[in-house]
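Reviewing the structure listed below.
Since every read-out is calculated from the coordinates, none of them should be taken as a lab result. Keep in mind it's a predicted model, so treat the numbers as computed, not measured. Glycine also receives a Cβ, built like all others from the backbone with ideal geometry; neighbour counts cover every protein chain displayed.
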Amino acid sequence: MTEKVAPYINRESSWLDFNLRVLEEAQDEQNPLLERLKFLAITSNNLDEFTMVRLGSLHLLLAEKRRVRDLAGMTPRQQFSHAISKMKSLVEEQYSCYRDELEPALRKEGIQRVMPEDLSADQRVTLHSYFQEELAPVLTPAAILPEAPLPRFAGLTLHLLIRLRDETLSSGRSQPRMAVLPVIGSVERFVQVRMEEGYGYILIEDLLGMFMQEFFPDDDVLEVLPFRISRNADMAVSEDAASDLLESMSELLDARKESGCVRLELPAGCTRVAERQLRMLLGITEDEVFRVDGPLNFADYFAIASLPGYDHLRQDEWPPLPVPGLDPAGNIFSQIAAKSRLMHHPFHQFDPVVSMVQQAAEDDQVIAIKQILYRTSKNSPIVNALMRAARNGKAVTVIVELKARFDEARNIEWARTMEQAGVQVIYGVKGLKTHAKLLIVMRREADGIHRYMHFGTGNYNEGTAKLYTDVSYLTSNANLGADASQFFNMITGFSQPQSFRRISASPLTVRSTLVQQIEAEAERARQGEKAIIRAKFNSLADQGMIDALYEASQAGVKIELLIRGICCLRPGVRGLSENIRVVSVIDRCLEHSRIFWFRNGGKAKVYISSADWMTRNLDKRVELMTPIDEGSLKSQLEDILEWGLKDSVKGRELGPDGTYHRMKGPKHAQRSQVRFYQQAAEAAVSAKRRKRTTFEPHRPR
């Protein structure tokens, strides 16, 4: 290596750069206004999770006085300081985007925030009635007393700090008096204000501030300060000590409500007195205080972005389209038996996957269903079908991952409900998260038992399947079926891991299989052959995988990576990684699929997987990597990779300096997600036309 740069990029820095790319979509005037507002809300939501998990993790390392360095050579203290600095810079850009661009543009379109001083007399009367009838009976201020326990401040919840007239003690000293009002329950953040035209709203904190004196009729309210805290969510159950994992996970969720504060958000105009009091109560440093010039928590603005009646400020709808030749209403099993299918969500409907479980629940020939659930929807039709199947006498076994972060409560509820319906529920594997996406339906047919499988890169959630790009593979391949059953039994029983015929599984063989393929391409390059690696995933942070790619690059392998988020690899560095390109696509659908392609001397090896190239996925989770052998399906996956890598509209390329830049494309702009939807639409129309021109005779029974 001749250039003096660190070979690895800091993980936290890379993640924050990803969120900055999301923010660029909010700043992009080419996007419709409410889509820009939605992207702003996404950045806020993302930053909440980063704060709770990654900042929380660094908090723990600092508390334990750990000095372990990361890939980039930074200590926990350096990482923490760097992350805080980048977070504050990102937050400044968020508020600048909202204050200088989005809010004026929304006002011009008739969507405007109304401040208390701008209300008319009639509007004040209406809002006062709303306060008395809807808010005052529900919300309760809690006094903060010197000797009493501190009221609970819920994480990510809007609170109001109320400063009252100081108390004069017998000694003559003044003692601050304060109360806190949590804005909880069904209280809406945006309260509509009747306007002659358009949509006006007042923020709930402004409305409550107007009438706060009514909670304290005999006192003087000096200040009403909105604030919001984030608590450390990087907590885990000690599974060796947990006799009942479900109960222990429930206790963990309660413990999170009391975990340490890692961030305090305040309006820029708050008094120093109030800020100092809050910092003392929460036990945080000044570095962890985020003062913002605008409303707290842009994630709430999803509600404004979803206002009815403003479709001209949104992108055209992309309703998911049917897969040609695959009818969810027909017999799904005979269709899969005839031909394996690949679906690219959300451009293709998720309905066939849901239909597969629903039909299995009612099909007399189905004897067993096995499925892994990591994240599901609130009213999951898949879970309901699994329970119906159990009631119909079928053997139903479901692995529910209770440790799926931020979905623990929902998974606990589903696990209990399914158990009551007769489903055999397994809570994953001790010491590992089960993150694989697998569904097996076993069916007794005339020539014996057949297995029908769904292998996926995304969750069994019909809601997010409309928002995330993922790949579904439906097949009845006998070798994959045998592997799938063996894999499932390995998790649910005490059987020793066996070698698989076709699939690879973490933490057993995914890493070794990938490294083997990378090394094989490197050897071909050394022999003077054409050698290419293309891969698509969400994150790259594992040093072993990065080093293997560096070695392959130095051997002459052309490496092209589509990485949505974290990338600790530094591409384009002379003598290290000059043959590696990294592209990140940020568009209306969240890129989530994992596809790995190796040229393999012209006979490409192609895989889909649930695993990113991170240490946690390769060594600390149960994951699946499935080969795709059918030529037409391999071509579909190659197309996804090719178009993502040359996306000149929504693609950004990572430079050797660790910064991302908009790609310079050909004369005609190319936007991969638009192409994928157009392809799906054209195929659906073509299939419909063929069906209309096909003559199907009535046959005598």
Worksheet item: What dipole magnitude, in Debye to the nearest 20, does segment 506-578 give about its Cα centre under +1 on Lys/Arg Cβ and -1 on Asp/Glu Cβ?
Response: 260
Practice prompt. Find which of V441, F333, G458 sits farthest along the positive direction of the dipole of segment 332-502, computed with +1 on the beta-carbon of Lys and Arg, -1 on that of Asp and Glu, about the Cα centre.
Written response: G458
Worksheet, complete the sentence: FRET efficiency for H128 and L307 from the Cβ-Cβ distance with R0 = 25 Å, rounded to 0.05, comes out at 0.50
Fill in: Packing-based order for 543-555, 626-638, using average beta carbon neighbours within 10 Å, highest first
543-555, 626-638
Worksheet item: Once both labels are modelled 7 Å past Cα along the beta-carbon direction, what's the E196-A669 spacing in nm?
Response: 3.8
Worksheet item: Which FRET efficiency, nearest 0.05, do Q679 and Q315 yield, Cβ-Cβ r, R0 22 Å?
Response: 0.75
Fill in: segment 332-502: equivalent-ellipsoid semi-axes (sqrt of 5 x gyration tensor eigenvalues, Cα, Å)
22, 19, 17
Response to the item:
So, relative contact order of the chain in percent, Cα under 8 Å, 6 or more apart, is 12
Fill in: Segment L150-V187, extension gain: residue separation times 0.36 nm, minus the distance between their alpha carbons
11.0 nm
Worksheet item: Computed from these coordinates, which is volume of the Cα convex hull per residue in Å³: (1) 165; (2) 145; (3) 213?
Response: (3)
Worksheet, complete the sentence: Measuring from its Cα centre, the chain shows a charge dipole (+1 at each Lys and Arg Cβ, -1 at each Asp and Glu Cβ) which, in debye to the nearest 20, is 2840
Worksheet item: Leaving out same-chain residues fewer than 8 places away, which lysines sit with a Cα under 21 Å from that of K108?
Response: K38
Response to the item:
Length gained if N489 through T285 is fully extended, taking 0.36 nm per residue and subtracting the Cα-Cα distance, is 68.5 nm
Worksheet, complete the sentence: For segment 505-688, the count of lysine pairs 8 or more apart or interchain whose alpha-carbon atoms are under 21 Å apart comes to 25
Worksheet item: Roughly what would the spin-label model give for D100 and N600, points 7 Å off Cα along C-beta, in nm?
Response: 5.2
Item to complete: Give, to the nearest whole percent, the P(r) tail of segment 113-313 beyond 30 angstrom, counting all Cα pairs.
Response: 33
Fill in: Count, lysine Cα pairs under 18 Å in segment 332-502, 8 or more residues apart or across chains
9
Worksheet item: Say R0 is 51 Å: what FRET efficiency, to the nearest 0.05, do L222 and K65 get from their beta-carbon distance?
Response: 0.80
Item to complete: Beta carbons within 10 angstrom, averaged per residue: use that to sort the peptides 392-403, 509-520, highest first.
Response: 392-403, 509-520
